[in-house]
Amino acid sequence: MPYSNEIITLEQFIVDQQALYKDAGGSLSRIFRSIELAAKVVNRDVRKAGLVDILGNQGSTNTHGEDQKKLDVIANDRFINALSKSGEVSVVISEENDEPIFVEGSEEEKYIVAIDPLDGSSNIDVNASIGTIFSIYRRPSSSKVANEKDLYQKGKHQVAAGYVIYGSSTMLVYTTGLGVNGFTLDDSIQEFCLSHPNIQIPTDGKIFSVNEGNYAEFPQGVKNYVEYCKSKDKETNRPYGARYIGSLIADFHRNLLKGGIFMYPPTPKTPNGKLRLMYECNPMSFLIEQAGGKSSTGTARILEVEPTDLHQRVPIFIGSANMVDLAVKMYQEAEVATV
Ligand code: AHG
Ligand code: MN
Ligand code: MN
């Protein structure tokens, strides 16, 4: 695109790209506008979190039995409200709601959005990066109200996905299947401005991100790969650096820009890992593939996984293509050896 030094706002960029991703009626653009608005409001909440009483637990638990942080609940409300008002979204699937939310008055609309309104919530109280993840589908059925087939779509059918990271700066990174672009919020004008056009993840990286505290529970192949990352080898620049924040968004964002692999493998206690398919693994996998990387459950491409539960978990190996290939190879070889 022939951009020079001028500022390109997210809104301008979306308008320019609209024709390319066949958003003729502007529906997707309107959804993006609502996400952008909610992101700005949540950004304000996050920046104020230490000053006002929105830190700490809400005193309730979500569908996974986890404590809901106050900011989880606030972010969830903001995004659901904004998406509901877009007039384009019939159903919102949220980490924080057991059941899908059928938007009143918009039941017939054509889009379904899955969200993790606040990812990395254990990091809120300690001032580390957190974020919002979103995944957008068009519903294939023409029924009046979205049906099961509309809700349970494979990740490869996403029409757009992205995240907002509330870090040392606030960024919105998204894809509509035409590459990955990143926008940084300029506080002074409250606009997301194109700062990272056409992000590509390096094919080889030097960072591995995994919760090594769970090492004893890792499958043998994952243990082997972790040992590989930590062992010395001049030719392949090992040992690699270990980086793990405990916010998927923050770990993913760093690895996307620098190259690396993030893993949340299966363990006997969590046979499907920890991360959720619909609003964590699928959107991140769409982004990583668009950026030239890879994403796997260890046995299958994440985007090919058939959803059976809107809150289901899947193991994940995601990041630089060569790193994911090797990790998956070592995982599979050890699995075969133990049969
Ligand atoms: P959420 O805050 O939305 O529940 O997600 C937390 C997730 C994810 O962000 C992170 O990668 C992972 O939990 C960390 O898990 P461990 O603490 O088990 O390593
Ligand atoms: Mn999350
Ligand atoms: Mn969350």
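The values are calculated or read from the model by the stated rules, or taken from the named source; none is laboratory data. Note that the structure is a prediction, hence the values are computed from the model and not measured. Note: ideal-geometry Cβ built from the backbone for every residue, glycine included; neighbour counts use all protein chains shown.
The table below gives the values:
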read-out	value
Top-ranked residue of the range 128-159 - restricted to ones that are part of a loop (DSSP other than H, G, I, E, B) and within 20 Å of the chain's Cα centre (by Cα), ranked as modelled with the lowest pLDDT	128
Any hit, the range 84-100, residues being part of a loop (DSSP other than H, G, I, E, B), within 16 Å of ligand 3 (Cβ to nearest atom) and exposed (fewer than 15 other Cβ atoms within 10 Å of the Cβ)	yes
Given (1) of a type outside the set (Gly, Ala, Ser); (2) away from ligand 1 (no atom under 16 Å from the Cβ); (3) surrounded by 20 or more Cβ atoms within 10 Å (Cβ to Cβ); (4) assigned to a loop (DSSP other than H, G, I, E, B), number of the condition residue 235 does not satisfy	(3)
Lone qualifier among 122, 106 - being assigned to a loop (DSSP other than H, G, I, E, B) and surrounded by fewer than 23 Cβ atoms within 10 Å (Cβ to Cβ)	106
Answer from 215, 163 - the residue that is surrounded by fewer than 20 Cβ atoms within 10 Å (Cβ to Cβ), outside any loop (DSSP other than H, G, I, E, B) and among the aromatic types (Phe, Trp, Tyr)	215
Strands (runs of 3 or more DSSP E) contained entirely in the range 238-339, each with at least 1 residues that are crowded, with 19+ Cβ neighbours inside 10 Å and touching a residue at least 40 places away in the same chain (Cβ under 8 Å)	261-264, 316-319
Close pairs from the range 106-129: first over 16 Å from residue 85 (Cβ atoms) and within 13 Å of ligand 1 (Cβ to nearest atom), partner part of a loop (DSSP other than H, G, I, E, B) and at pLDDT below 90, Cβ under 8 Å, at least 6 apart	124/49; 124/55; 125/55; 125/56
Matching residues, the range 261-297, being farther than 14 Å from residue 321 by Cβ, of a type in the set (S, T, N, Q) and within 15 Å of ligand 1 (Cβ to nearest atom)	267, 270, 272, 282
Any hit, the range 234-245, residues being more than 27 Å from residue 92 (Cα to Cα), within 16 Å of ligand 2 (Cβ to nearest atom) and at pLDDT 95 or above	yes
Residues of the range 107-129 that turn out to be near ligand 3 (Cβ under 9 Å from one of its atoms) and over 16 Å from residue 281 (Cβ atoms), as a count	3
The listed residue being within 22 Å of residue 280 (Cβ to Cβ), buried (at least 19 other Cβ atoms within 10 Å of the Cβ), away from ligand 2 (no atom under 16 Å from the Cβ) and not aliphatic (A, V, I, L, M), out of 170, 132	170
Subset of the range 135-145 (residues that are away from ligand 3 (no atom under 16 Å from the Cβ) and buried (at least 23 other Cβ atoms within 10 Å of the Cβ))	136, 137
Only one of 94, 60, 84 that is under 30 Å from residue 29 (Cβ atoms) and either modelled with pLDDT under 75 or touching a Pro at 6+ places or on another chain (Cβ under 8 Å) (or both)	94
Number of the exception - residue 90 against (1) among the polar types (S, T, N, Q); (2) more than 16 Å from residue 307 (Cα to Cα); (3) within 20 Å of the chain's Cα centre (by Cα)	(3)
